[in-house]
């Protein structure tokens, strides 16, 4: 995976927007199926040292569904809940919002994500991820917090890409 660009915007309103673009050697539909539609199954298997489980607490993956991500013992984060706000299987895009989690308590109102997968070259894709971090009033989001979020995201994409390249029939 090649990270092609990162754009960081810090407006005065307490909203920090980060746009990341990744090039992968995997087709857009396979990345979308694995990362968006089946993350609750594949991520705990591939990232077992950090993700204990992912389960739907409301819905089954459609818009409005809420997933809870449970992290392993010793992780600085115990759990997160994310709501699926939009899902377009034809355009291979998704919007979701982290609405609850122990890291949100002191600093953030929410974190929202918009993910889009587009074809690139001979069978690869560009994954575009836009993240909006909404700080609570009077709170400044540190550059370290932003870097940690970007690193976690990059790590998930890299692990998933490696798996899909090693298993070319998965998620076809």
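Which angle between 0 and 90 degrees, to the nearest 10, do you get for helix 143-166 versus the longest principal axis of the chain when only C-alpha atoms count?
20 degrees
Rounded to two decimal places and with Rh computed the Kirkwood way over Cα pairs, what is Rg over Rh for segment 49-88?
Reported Rg/Rh, Kirkwood definition of Rh: 1.06.
I need the peptides 133-145, 78-90 ranked by packing, meaning the mean over residues of other C-beta atoms within 10 angstrom, with the highest value on top.
The most tightly packed comes first, giving 78-90, 133-145.
Considering the values [x] 10, 38, 39, 12, 1; [y] 11, 41, 37, 12, 0; [z] 10, 42, 39, 8, 0, which represents P(r) over Cα pairs in 10 Å bins from 0, in percent as calculated for the structure under consideration?
Answer by label: [x].
Counting each DSSP H run of 4 or more residues in the chain as -39500 (n - 2.57), what helix-only mean residue ellipticity at 222 nm follows after dividing by all residues, to the nearest 500 deg cm²/dmol?
The helix-only estimate for the chain comes to -7000 deg cm²/dmol at 222 nm.
For segment 67-118, what does the alpha-carbon gyration tensor say about shape, rounded, prolate or oblate, given a ≥ b ≥ c as the root eigenvalues, a/c under 1.5 as rounded, and a/b over b/c as prolate?
prolate
Restricting to Cα pairs below 8 Å that are 6+ residues apart, what does the relative contact order work out to for the chain? Please round to a whole percent.
Dividing the mean separation by the residue count of the chain yields 25 percent.
None of the figures in this text is laboratory data; all of them are computed from the coordinates on show. Since we're looking at a predicted model, the values are computed, not measured. Backbone-built Cβ (ideal geometry, glycine too); neighbour counts: all protein chains shown.
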